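A.B. asks: Before we start, here is the structure in question, set down as structure tokens.
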Amino acid sequence: MTEPKKKKTSIDARLLVGLRGPDLTASTAWLALVEKMGFEDRLVGLKRWDFFHLTLASSAAPEAVLDALKKTLARQSTFYNRNKHMYSLECRWGKESRVDGPPHAALVGQFGQALGKRMDAGIDFDGKTGSKADIVNESTVFLVEVSVQDDDSAGRDGIAAKLTRELSAPDGPGPVRVQCPGRATVWWLAIAASSDQAAVDTARQIAVTKRRDEGLLLNPNYQSAEFVSAGRVERVRS
């Protein structure tokens, strides 16, 4: 008598990775936006993340699959280096969930603390003190998450194939099929605005390149973007 096939579980995994120290790419973008492109009175903060959205299907125990995934991610330079990066891995399957690293809300809180330190320093965003900084510091600030992804799926397909091989190896939890629907650069934009919608509108102006002096973070000829407002940012002051 043949044994019934085990039902496969589908796991949704989202990995967010950021540098622990200074980010030269983000710093360069910041300087261009506030000093050359005129956003010094609206852009309050900027942070860059690498983002991976994975789906895993396996008949093995979900916890065993996720343990194997975490080990595989840690030893693959494609994803992160523990000495250089902080990361958050949020996984959900059915009614269950698991988070390795700080959850999204905690990362947003850390972002707010960094903005608060800037306020305490009393520094304008071009490096000078002044009334413009006072106006921005008193404004409501919204966080807009901008996810920028290449239209070409080759990179995502390569990641999926690589993880499928690694996780389905003889010393792994069993056959695992991995797909990678998302591989993006995520920008966190802290924007002084009157509303969520106004903040998203400003984020579009900042992100989408239309000419040399308009838009910086994505090229619409070969990239697409998703804009999501994460609500108000509480700037925690000391």
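A.B. asks: Checking residue 151 against (1) open to solvent by 40 Å² or more (accessible area, probe 1.4 Å); (2) more than 30 Å from residue 43 (Cα to Cα); (3) modelled with pLDDT of 95 or more, which single condition isn't satisfied?
C.D. replies: Just one mismatch for residue 151, condition (2).
A.B. asks: On to the next question. Can you tell me which residue in region 199-236 is nearest to residue 113 (Cα to Cα), limited to those that are at pLDDT below 95 and among the charged types (D, E, K, R)?
C.D. replies: Restricting to residues being at pLDDT below 95 and among the charged types (D, E, K, R), the top hit is 235.
A.B. asks: Filter region 158-217 for residues that are of a type in the set (D, E, K, R) and over 21 Å from residue 26 (Cβ atoms) and give the result.
C.D. replies: So in region 158-217, the residues of a type in the set (D, E, K, R) come out as 162, 165-166, 171, 177, 183, 196, 201, 204, 210-214.
Residues satisfying the conditions are 162, 165, 166, 171, 177, 196, 201, 210, 211.
A.B. asks: Just checking, does region 160-179 include any residue being within 30 Å of residue 37 (Cβ to Cβ) and either buried (at least 19 other Cβ atoms within 10 Å of the Cβ) or out of contact with any helix residue (DSSP H, G or I) (no Cβ under 7 Å at 6 or more places or on another chain) (or both)?
C.D. replies: If we filter region 160-179 for residues that are within 30 Å of residue 37 (Cβ to Cβ), which is where we start, we get none.
No, every residue in region 160-179 fails to be within 30 Å of residue 37 (Cβ to Cβ) and either buried (at least 19 other Cβ atoms within 10 Å of the Cβ) or out of contact with any helix residue (DSSP H, G or I) (no Cβ under 7 Å at 6 or more places or on another chain) (or both).
A.B. asks: Looking at this structure, is residue 64 in contact (Cβ under 8 Å) with a residue 40 or more places away in the chain and over 20 Å from the mean Cα position of the chain (by Cα)? Give the steps one after another, and end with the answer.
C.D. replies: Numbers: in contact (Cβ under 8 Å) with a residue 40 or more places away in the chain: yes; over 20 Å from the mean Cα position of the chain (by Cα): yes.
For residue 64, the condition - in contact (Cβ under 8 Å) with a residue 40 or more places away in the chain and over 20 Å from the mean Cα position of the chain (by Cα) - is met.
The values are calculated or read from the model by the stated rules, or taken from the named source; none is laboratory data. Note that the structure is predicted; figures quoted are calculated from it, not measured. Heads up, the Cβs are rebuilt from the backbone with ideal geometry, glycines too, and the neighbour counts pull from every protein chain shown. In case anyone asks, the SASA skips ligands and DNA or RNA and just uses the protein heavy atoms, side chains included. Shrake-Rupley method; radii C 1.70, N 1.55, O 1.52, S 1.80 Å.
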